[in-house]
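So the structure is just underneath, and the comments pick up after that.
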Amino acid sequence: MKLTGRLKTVADKVSIGSRVADIGTDHGYIPIYLTKNEICKFSIATDVRKGPIEKARKNISIYNLEDKIYLRKGSGLIPIRKGEVDCAIIAGMGGCLICDILEDGKHIADTIENFIIQPMQAIESVAEYLYNNEFKIYDNSLVKENNKIYQVMSVCHGQDYIDDEIYFEIGKKLIENKDPLLEEYVELKRREIIKVISKVQNIDSISAQERLKECRYKLKKYEGVLKCL
């Protein structure tokens with residue numbers, strides 16, 4: 001089982017010997033990879049839709065792993081029982097959905113030691129939610145796939161200290177670890193914010209001017225990070 005670069009980065013964050021839940025498993029690729037490479041003891045693959053569950057079932061059968069990967073249909077963390085796993089993977093979905101999954105399954109999340117979280121967008125929403133709900137990002141890395149760069153976060157329970165909101169978008173660990181993709185990642189965000197500024201700067205409305213002020217503030221922060229790299 002060969003994973004894409006993004007999924008491989010997610011899988012590489014899982015500690016050997018973990019009991020894993022892959023939330024929104026889709027085709028079941030990550031559980032299959034983790035099991036075939038003897039990284040996890042066993043895994044639970046969940047998805048809210050019947051189609052992905054059946055695709056995952058077919059792939060699991062191809063590798064004869066029916067006795068090590070358990071499929072469950074349901075929303076988010078709800079199909080997982082308390083204490084059943086010590087690592088949950090929540091990857092390949094929107095940031096707001098990830099926040100909803102953690103919130104709706106809070107009674108389950110409280111019993112899970114580690115999370116591997118990879119949002120497709122709205123990274124700042126996820127990071128802020130984690131910070132406000134006593135989760136700590138203890139490791140963070142970037143991965144590039146199809147000309148897009150994604151953050152992959154290793155998360156545990158605990159309280160972090162954030163002295164600037166820019167760290168919700170550009171994780172402290174990325175800077176501390178001197179991630180090789182960080183400069184490119186920040187430059188992409190800088191260009192995106194410049195485009196927004198060019199669109200709203202000539203709009204004469206209160207909301208547009210507030211947006212412009214926010215964007216200029218972020219631009220200054222991005223440029224500050226680039227200078228430090």
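The values are calculated or read from the model by the stated rules, or taken from the named source; none is laboratory data. What you see is a predicted model; the values in this text were computed from it and never measured. Neighbour counts run over all protein chains shown; Cβ positions are idealised from the backbone, glycine included. These accessible areas exclude ligands, DNA and RNA; they are computed on the full protein's heavy atoms, side chains included. Shrake-Rupley method; radii C 1.70, N 1.55, O 1.52, S 1.80 Å.
Scanning segment 10-37 for residues that are over 19 Å from the mean Cα position of the chain (by Cα) and either part of a loop (DSSP other than H, G, I, E, B) or among the small types (Gly, Ala, Ser) (or both) gives Ile16, Gly17, Asn37.
The rows are residues; the columns are (1) under 24 Å from the mean Cα position of the chain (by Cα); (2) on the phi > 0 side of the Ramachandran plot; (3) not hydroxyl-bearing (Ser, Thr, Tyr).
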site	(1), (2), (3)
Lys172	yes, no, yes
Lys178	yes, yes, yes
Tyr185	yes, no, no
Leu188	yes, no, yes
Arg191	yes, no, yes
Val196	no, no, yes
Glu210	no, no, yes
Glu214	no, no, yes
Lys220	no, no, yes
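Is there a residue in segment 38-53 that is assigned to a loop (DSSP other than H, G, I, E, B), within 23 Å of Asp139 (Cβ to Cβ) and open to solvent by 10 Å² or more (accessible area, probe 1.4 Å)? There is at least one residue in segment 38-53 that is assigned to a loop (DSSP other than H, G, I, E, B), within 23 Å of Asp139 (Cβ to Cβ) and open to solvent by 10 Å² or more (accessible area, probe 1.4 Å).
Within segment 153-170, the residues that satisfy the criterion of being part of a loop (DSSP other than H, G, I, E, B) and of a type in the set (A, V, I, L, M) are Ile162, Ile170. Pairs meeting the criteria (first residue in segment 171-197 and open to solvent by 40 Å² or more (accessible area, probe 1.4 Å) and part of a loop (DSSP other than H, G, I, E, B), second residue hydroxyl-bearing (Ser, Thr, Tyr) and at pLDDT 95 or above, beta carbons under 8 Å, at least 6 apart or on different chains) are Asn177/Ser141.
For segment 122-130, indicate whether the set of residues that are polar (S, T, N, Q) and either over 17 Å from Ser18 (Cα atoms) or modelled with pLDDT under 95 (or both) is non-empty.
Yes, segment 122-130 contains a residue that is polar (S, T, N, Q) and either over 17 Å from Ser18 (Cα atoms) or modelled with pLDDT under 95 (or both).
For Ile90, the test of being under 17 Å from Gly17 (Cα atoms) and among the β-branched types (Val, Ile, Thr) is failed.
Only a single criterion out of (1) in contact with a strand residue (DSSP E or B) (Cβ under 8 Å, 6 or more places away or on another chain); (2) open to solvent by 20 Å² or more (accessible area, probe 1.4 Å) is not satisfied by Tyr161, namely (1).
Restricting attention to segment 64-107, report how many residues are of a type in the set (S, T, N, Q) and surrounded by fewer than 15 Cβ atoms within 10 Å (Cβ to Cβ). Count: 1. Reported count of residues in segment 108-149, each being assigned to a strand (DSSP E or B), under 12 Å from Gly171 (Cα atoms) and either open to solvent by less than 70 Å² (accessible area, probe 1.4 Å) or touching a His at 6+ places or on another chain (Cβ under 6 Å) (or both), is 5.
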